[in-house]
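What follows is a short report on a single structure.
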Amino acid sequence: MTITLQQLIDRADALFGRVETLLPPPPAEIDWSAATAFRWRKRNGQGRLEPVKHIAVVTLANLQNIDRQRAVIERNTRQFVAGRTANNVLLTGARGTGKSSLIKACLNAFADQGLRLIEVDKSDLVDLPDLVALIGARPERFIIFCDDLSFEEGESSYKALKVALDGSIAAQSDNVLIYATSNRRHLMPEQMKDNLATRHVDGGNGNVEIHPGDVVEEKISLSERFGLWVSFYPFRQDEYLAVVDEWMRHYGCGPTEIDEAKGDALRWALERGSRSGRVAHQFARDWAGRSPQSSSDA
């Protein structure tokens, strides 16, 4: 049986048609005007940006008792938006003290000047080169936001973040910064056994030098690639109550009502074992929601 050239072409077309049905659809065109914040999401192994329609309403003025931290982050972000040099930032410390809220507040403060935020899950950090290539030529200024970041031994996304920060032959795009929050300063668990390789060397002049082992050096090296480290600390009682006051005013509570709520606010914190900005916000929302005088949609 002789097969003609046309039959071969027809069979090839049919085969290509069946293969195309198995391939994921091409990514949709990004509507950059749809939002000021985006999330990087994976579908069928393909990453894409999804707009965030409703962004948390938090302002820099809402964030109390973190004045030094707020000033550092605001200054760095202002430099970045203005096209000047700025650093990647690692925000570490006590939970609920405003690390993530501060980044969201910066977006709200500078969005009208071209700032955009892209939230990336830890598991998707391996896609950072693709993401940076996608936004590198855009006129906007992008903060890639990694929230509650920490790694366990052997995770591939750890290496990907190291390369994205300061380890690739390609220069980092000047319209992209990485802001990450973590409860761990060095982002990876630290164990006693890591210190067994530490060496004490007599320098011969009466000074003893300490040389950490390779494991310790590896765990520190990622944090050191962030140009700015900003630390957050647990609130004292008076600081916690000041944050409660701010959020209650935000939700429309009056001075008398705020004063009456202090005892309940302290009990609320005691039950949760934490005096933090997050706990203060949660209390204010609960109180305002139960109070007929307050505006719960403030």
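Structure data summary
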read-out	value
Count - residues of segment 135-149 that are more than 18 Å from Ala82 (Cβ to Cβ) and either at pLDDT 95 or above or surrounded by 15 or more Cβ atoms within 10 Å (Cβ to Cβ) (or both)	6
Scan of segment 71-106 for residues that are assigned to a loop (DSSP other than H, G, I, E, B), surrounded by 19 or more Cβ atoms within 10 Å (Cβ to Cβ) and small (Gly, Ala, Ser), ordered by number	Ala86, Gly96, Gly98
Complete set of residues in segment 169-194 that are at pLDDT 70 or above and either part of a helix (DSSP H, G or I) or among the acidic types (Asp, Glu) (or both)	Asp174
Selection status of Ala133, in contact with a helix residue (DSSP H, G or I) (Cβ under 6 Å, 6 or more places away or on another chain) and within 29 Å of Arg48 (Cβ to Cβ)	no
Hits in segment 117-149 (condition: out of contact with any Lys or Arg (no Cβ under 9 Å at 6 or more places or on another chain) and of a type in the set (Lys, Arg))	Lys122
Subset tally (residues that are touching an Asp or Glu at 6+ places or on another chain (Cβ under 6 Å) and assigned to a loop (DSSP other than H, G, I, E, B)) for segment 218-262	1
Unmet criterion (only one of (1) crowded, with 20+ Cβ neighbours inside 10 Å; (2) of a type outside the set (D, E, K, R); (3) touching a helix residue (DSSP H, G or I) at 6+ places or on another chain (Cβ under 7 Å)) for Ala109	(1)
Segment 40-70, residues that are over 16 Å from Asp245 (Cβ atoms), in a helix (DSSP H, G or I) and touching a residue at least 40 places away in the same chain (Cβ under 8 Å)	Leu60, Gln69
Matching residues in segment 266-281 - criterion: being under 17 Å from Gly98 (Cβ atoms) and either assigned to a helix (DSSP H, G or I) or touching a residue at least 60 places away in the same chain (Cβ under 8 Å) (or both)	Ala269, Arg272, Ser274, Ser276, Gly277, Arg278, Val279, Ala280, His281
Near pairs, Cβ below 6 angstrom, 6+ apart or cross-chain, from segment 130-149 (part of a strand (DSSP E or B)) to any residue that is aromatic (Phe, Trp, Tyr) and at pLDDT 90 or above	Arg141/Phe80; Ile143/Tyr179; Phe145/Tyr179
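The values are calculated or read from the model by the stated rules, or taken from the named source; none is laboratory data. Nothing here was measured: the structure is a model prediction, and the numbers come from that model. Heads up, the Cβs are rebuilt from the backbone with ideal geometry, glycines too, and the neighbour counts pull from every protein chain shown.
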